[in-house]
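The values are calculated or read from the model by the stated rules, or taken from the named source; none is laboratory data. If you're wondering where the values come from, they're calculated on a predicted model, not measured in any experiment. Heads up, the Cβs are rebuilt from the backbone with ideal geometry, glycines too, and the neighbour counts pull from every protein chain shown. Side chains are part of the model used for accessible areas, which takes the heavy atoms of the whole protein and leaves out ligands, DNA and RNA. Shrake-Rupley method; radii C 1.70, N 1.55, O 1.52, S 1.80 Å.
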Amino acid sequence: MPSISLKGKNMPESPIRKLVPYAENAKKKGIKVYHLNIGQPDIKTPEVALEAIKNNSVKVLAYSRSEGSEGYRTKIANYYKKQNINVTANEIIVTTGGSEALLFAMGSITDPGDEIIIPEPFYANYNGFATSSGVKVVPVISKIENNFALPPIEEFEKLITPKTKGILICNPGNPTGYLYSKEEIEKLAIIVKKHDLFLIADEVYREFVYDNIPHQSVLHNFGLENNAIIIDSVSKRYSMCGARIGCLVSKNKEVISTALKFAQARLSPPTFAQIASEAALETPESYFKEVNDEYKSRRDTLIRELSKIEGVKIGTPKGAFYCVVQLPVDNTDKFAQWLLEDFNLNNETVMVAPAAGFYSSPGFGTKQVRIAYVLKNEDLIKSVEILKKGIETYNSL
């Protein structure tokens with residue numbers, strides 16, 4: 001019988017999606033499931049993007065350029081200028097979601113067996129991208145006790161070897177919602193320049209920052225023109241997850257020319273989705289003000305309600321729309337499955353993402369979950385009520 005590759009066998013399951021069959025079975029039984037497990041915003045996609053799809057004059061749905069259409073890249077560059085990020089259209093490659101941008105980045109800067117240092121917990125699919133690229137993830141652990149702040153820079157330095165090619169951060173963070181300060185980015189800038197490393201920054205949640213704390217991009221004034229690679233996406237910014245449009249941004253010409261070869265190998269990003277994404281750039285600033293106010297309200301509601309549960313620890317997010325919570329249960333993988341298979345409160349239950357899949361260090365995150373606060377306030381209140389009762393019942397078994 002033909003055999004599966006070792007790489008295929010080592011590909012990790014998504015902690016976000018692996019419980020879907022259990023949720024679907026619960027729904028078939030007539031149980032309502034509150035989805036706290038996935039970052040799918042319920043905010044409406046900007047009408048201007050949807051209208052661009054409905055009302056266009058495309059006669060042939062042809063390939064676009066491998067790097068994305070020039071018109072769209074030019075408008076992206078203009079968007080970045082408003083964020084005090086000075087790049088040109090030629091320093092941008094449009095990708096099929098931020099996921100492909102990460103794959104292009106890893107493919108451009110690493111060879112099989114090379115290493116990338118990542119503060120954990122981190123977006124679970126980084127493990128998958130690394131496995132498919134033959135890259136070794138080297139974790140440096142951030143802790144819920146200090147809100148998942150950047151670990152001491154000395155901890156990074158200890159991990160650097162001749163195989164180390166870069167450091168990867170998510171800012172604001174998924175799954176923690178942590179927002180890196182200017183001082184923290186400065187520390188990272190010093191170490192990557194000292195050791196000739198790349199600093200890859202997943203900045204897809206750039207707009208979602210709270211408490212009047214500004215977002216710090218790696219392409220602000222940190223002197224990282226040769227080191228910085230930005231990963232970006234329209235998915236969360238415009239509530240357009242299904243468009244699958246992202247981009248890789250760098251002022252390093254060699255990075256861009258190398259990533260372009262990967263882009264050429266997959267031909268081009270989707271044409272219709274680029275049309276929608278280009279139109280989305282016309283979204284007024286008032287949209288983001290309303291969305292931010294809504295998410296901040298949801299964050300505050302979630303933290304307030306979770307704080308009522310005895311024994312929980314909460315990492316308070318300053319950005320994005322995720323929160324890592326430590327629960328008083330023995331194992332959140334088992335608990336999350338039990339919530340879907342064996343528990344309901346008045347015919348309702350909740351789906352959470354077990355946090356062990358957001359770590360690469362064995363044994364970490366086994367009592368933690370990631371909660372995405374992408375539901376309305378009243379649904380969040382109901383969800384935490386169900387979670388509280390679920391914990392009580394589970395621990396009494």
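A few remarks follow.
- Within the stretch 108-251, percent of DSSP bridges classed antiparallel, to nearest 5: 20 percent
- Loop-located GluC sites (Glu not before Pro) in the stretch 162-242 (DSSP state other than H, G, I, E, B) with a sparse environment of at most 15 neighbouring Cβ atoms within 10 Å: Glu225.
- For Val138, the residues 5 or more places off, or on other chains, whose built amide H falls under 5 Å of its own are Ile116, Ile117, Ile118.
- Around the Cα centre of the stretch 229-352, unit charges on the Cβ atoms of Lys, Arg, Asp and Glu (plus for the first two, minus for the last two) sum to a dipole of about 580 debye.
- Per residue, the chain exposes an accessible area of 44 Å² to a 1.4 Å probe, with every protein chain left in place.
- This model, with +1 at the C-beta of Lys and Arg and -1 at the C-beta of Asp and Glu, gives the stretch 65-188 a dipole about its Cα centre of some 400 debye.
- For Val350, the residues whose amide H sits under 5 Å from its own are Tyr34, ignoring neighbours fewer than 5 places away on the same chain, with H placed 1.01 Å from N.
- Selection among Tyr180, Ile4, Leu387 by position relative to the dipole of the chain gives Ile4 as farthest towards the positive end (Cβ unit charges, Cα centre).
- The stretch 327-397-the stretch 159-200 distance, computed between alpha-carbon centres (Å): 31 Å
- DSSP bridge pairs, the chain: antiparallel proportion in percent, nearest 5: 45 percent
- By accessible area with a 1.4 Å probe, ligands and nucleic acids excluded, highest first: order of Met240, Met1: Met1, Met240
- Only helices reaching 15 angstrom along their own axis (Cα) with mean Kyte-Doolittle hydropathy no lower than 0.5 count here, and for the DSSP H runs of the chain these are 97-109.
- By the compact-protein rule of thumb, 2.2 N^0.38 Å, the alpha-carbon radius of gyration of the chain corresponds to a ratio of 0.98.
- Only one residue of His215, Asn344, Thr96 has its Cα farthest out toward the positive end of the dipole of the chain, where Lys and Arg carry +1 and Asp and Glu -1 on Cβ, and that residue is Thr96.
- P(r) tail for the stretch 31-141: Cα pairs beyond 24 Å make up 51% of the total.
- Here the accessible area is traced with a 1.4 Å probe on the protein chains. For the chain, carbon and sulfur cover 52 percent of it.
- Most positive-pole-ward Cα, Gly128, Ile85, Met106, against dipole of the stretch 1-150 from beta carbon charges: Gly128
- For the stretch 292-397, the list of trypsin sites (Lys or Arg not before Pro) that fall in a loop by DSSP and count at most 16 other C-beta atoms within 10 angstrom reads Lys308, Lys376.
- In angstrom, the C-alpha Rg and Dmax of the stretch 260-361 are 19.9, 55.
- Filter on Lys82/Lys251; Lys27/Lys382; Lys193/Lys261; Lys143/Lys388; Lys163/Lys253; Lys165/Lys194 - keep pairs with C-alpha separation over 19 Å: Lys193/Lys261; Lys143/Lys388; Lys163/Lys253
- The lysines whose alpha-carbon is closer than 22 Å to the alpha-carbon of Lys9, local same-chain residues fewer than 8 away aside, are Lys18, Lys136.
- Given charges at beta-carbon only (K, R positive; D, E negative), |dipole| of the chain in Debye: 600 debye
- For the stretch 1-50, average projected area of the Cα convex hull in nm²: 7.2 nm²
- Ellipsoid semi-axes for the stretch 101-241, based on the Cα gyration tensor and the rule √(5λ), read 21, 18, 15 Å when sorted largest first.
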